[in-house]
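The values are calculated or read from the model by the stated rules, or taken from the named source; none is laboratory data. Please read all numbers here as calculations on a predicted model, not as lab measurements. FYI the Cβ positions are ideal-geometry reconstructions off the backbone, even for glycines, and counts take in every protein chain you see.
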Amino acid sequence: MSVGQTFFEIERRFLVSIEDHSWELLDVQRHLLRQGYIRGGDPSIRIRVGEPRGPVLTCKSGKGVKRHEVETVVPEELAVALFEAAEDRVIEKIRWKIGPWELDRFVGGLEGLFLMEIELAHEDDPVPESPTGIRILREVTDDKRFTSGYLASMKKKKQPKLVKKVYKEVKGWAGLGG
């Protein structure tokens with residue numbers, strides 16, 4: 001087990017759509033991540049498996065672009081026990097690392113939801129252009145509906161309705177700053 005790291009995470013999140021032909025551009029390393037939420041809200045406590053470094057226990061607090069984060073790699077046995085504690089507050093997603101961006105495609109009840117995030121060095125850093133074939137529809141950093149903890153806490157039958165609703169909401173959205 002490694003010693004936990006404490007830091008501020010500066011991250012912006014975006015609702016995105018993928019052009020059909022762009023899937024071939026995603027021929028980069030991807031991971032199926034499974035996240036269980038032991039505690040939602042602030043702070044949130046989650047266990048994640050699927051990363052090359054092993055299971056990671058994370059505690060995040062705060063809102064918006066800059067949040068406090070503590071995380072540590074934990075033994076497999078502890079990860080199993082923490083998933084049991086999470087009960088049904090679990091989400092799964094496929095994550096691609098594309099340059100500085102991380103693209104998440106949610107699976108299960110959230111199928112069809114695509115979020116892309118970027119970690120920045122400073123809160124006022126400019127956001128780089130999105131990868132080819134991925135269209136940023138709107139920023140969702142401050143929209144709690146797009147936190148993984150909230151998504152995991154939703155009733156499974158409501159998840160597909162949320163996905164349809166949020167994509168309908170972006171019709172006519174003008175992009176960053178619009």
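Residues of region 52-90 being over 22 Å from Glu119 (Cβ atoms), outside any helix (DSSP H, G or I) and of a type outside the set (A, V, I, L, M), which ones?
Once the filter is applied, which keeps residues that are over 22 Å from Glu119 (Cβ atoms), outside any helix (DSSP H, G or I) and of a type outside the set (A, V, I, L, M), region 52-90 yields Pro75, Glu87, Asp88, Arg89.
For Leu113, indicate whether it is touching a helix residue (DSSP H, G or I) at 6+ places or on another chain (Cβ under 8 Å), over 19 Å from Arg67 (Cβ atoms) and buried (at least 18 other Cβ atoms within 10 Å of the Cβ). Even if it seems obvious, please write down each step before you answer.
Working: touching a helix residue (DSSP H, G or I) at 6+ places or on another chain (Cβ under 8 Å): yes; over 19 Å from Arg67 (Cβ atoms): yes; buried (at least 18 other Cβ atoms within 10 Å of the Cβ): yes.
Here the answer is yes, as Leu113 does meet what is asked.
Can you report the number of residues in region 58-75 which are crowded, with 17+ Cβ neighbours inside 10 Å and either without any contact (Cβ under 8 Å) to a residue 40 or more places away in the chain or under 24 Å from Glu111 (Cβ atoms) (or both)?
Number satisfying all stated conditions: 2.
Go over the candidates Glu129, Glu123 one by one and state the one that is assigned to a loop (DSSP other than H, G, I, E, B), over 14 Å from the mean Cα position of the chain (by Cα), more than 16 Å from Gln35 (Cα to Cα) and without any contact (Cβ under 8 Å) to a residue 60 or more places away in the chain.
Glu129
Look at region 76-90 and say how many of its residues are under 15 Å from the mean Cα position of the chain (by Cα) and surrounded by fewer than 19 Cβ atoms within 10 Å (Cβ to Cβ). Walk me through it before giving the result.
Quick first cut of region 76-90, residues under 15 Å from the mean Cα position of the chain (by Cα) only: 89-90.
Cutting the leftovers down to surrounded by fewer than 19 Cβ atoms within 10 Å (Cβ to Cβ) gives us 90.
Counting residues in region 76-90 that are under 15 Å from the mean Cα position of the chain (by Cα) and surrounded by fewer than 19 Cβ atoms within 10 Å (Cβ to Cβ) gives 1.
Are any residues in region 109-133 over 16 Å from Arg145 (Cα atoms) and modelled with pLDDT of 95 or more, and if so, which ones?
At the first step, the residues of region 109-133 found to be over 16 Å from Arg145 (Cα atoms) are 118-133.
Ile118, the sole residue that qualifies.
If Glu117 satisfies every condition in (1) free of Cβ contacts under 8 Å to residues at least 12 places away in the same chain; (2) under 19 Å from Leu15 (Cβ atoms) but one, which is the exception?
Answer for Glu117: the failing condition is (1).
For region 97-120, how many residues meet the condition of being more than 22 Å from Val166 (Cα to Cα) and assigned to a strand (DSSP E or B)? Spell out the reasoning first.
So the first thing to find is which residues in region 97-120 are more than 22 Å from Val166 (Cα to Cα), and the list is 97-100, 119-120.
Narrowing the set further to residues that are assigned to a strand (DSSP E or B) leaves 97-98, 119.
Matching residues across region 97-120 total 3.
Would you confirm whether any residue within region 41-49 is modelled with pLDDT of 95 or more and more than 24 Å from Lys158 (Cα to Cα)?
Looking for residues that are modelled with pLDDT of 95 or more and more than 24 Å from Lys158 (Cα to Cα), one finds at least one in region 41-49, hence yes.
What pairs come up if the first residue lies in region 40-57 and is touching a residue at least 60 places away in the same chain (Cβ under 8 Å), the second is of a type in the set (S, T, N, Q) and crowded, with 17+ Cβ neighbours inside 10 Å, and their beta carbons are under 9 Å apart, counting only those six or more places apart or on different chains?
If the second residue must be of a type in the set (S, T, N, Q) and crowded, with 17+ Cβ neighbours inside 10 Å, the pairs left are Gly40/Thr147; Ser44/Thr58; Ser44/Thr147; Ser44/Ser148; Arg46/Gln35; Arg46/Thr58; Arg46/Ser148.
So, Lys93, is that one of a type outside the set (Val, Ile, Thr), assigned to a strand (DSSP E or B) and surrounded by fewer than 18 Cβ atoms within 10 Å (Cβ to Cβ) or not?
On the way: of a type outside the set (Val, Ile, Thr): yes; assigned to a strand (DSSP E or B): yes; surrounded by fewer than 18 Cβ atoms within 10 Å (Cβ to Cβ): no.
For Lys93, the condition - of a type outside the set (Val, Ile, Thr), assigned to a strand (DSSP E or B) and surrounded by fewer than 18 Cβ atoms within 10 Å (Cβ to Cβ) - is not met.
Name the one entry in Lys157, Lys171 that is loosely packed, with under 11 Cβ neighbours inside 10 Å and either modelled with pLDDT under 90 or closer than 22 Å to Leu33 by Cβ (or both). Spell out how you get there, then give the answer.
Working: Lys157 fails: either modelled with pLDDT under 90 or closer than 22 Å to Leu33 by Cβ (or both).
Unique residue meeting the criteria: Lys171.
Within region 42-53, which residues are over 17 Å from Glu9 (Cβ atoms) and loosely packed, with under 15 Cβ neighbours inside 10 Å? Reasoning before the result, please.
Initially, region 42-53 is screened for residues over 17 Å from Glu9 (Cβ atoms), giving 47, 49-50, 52.
Matches in region 42-53: Pro52 only.
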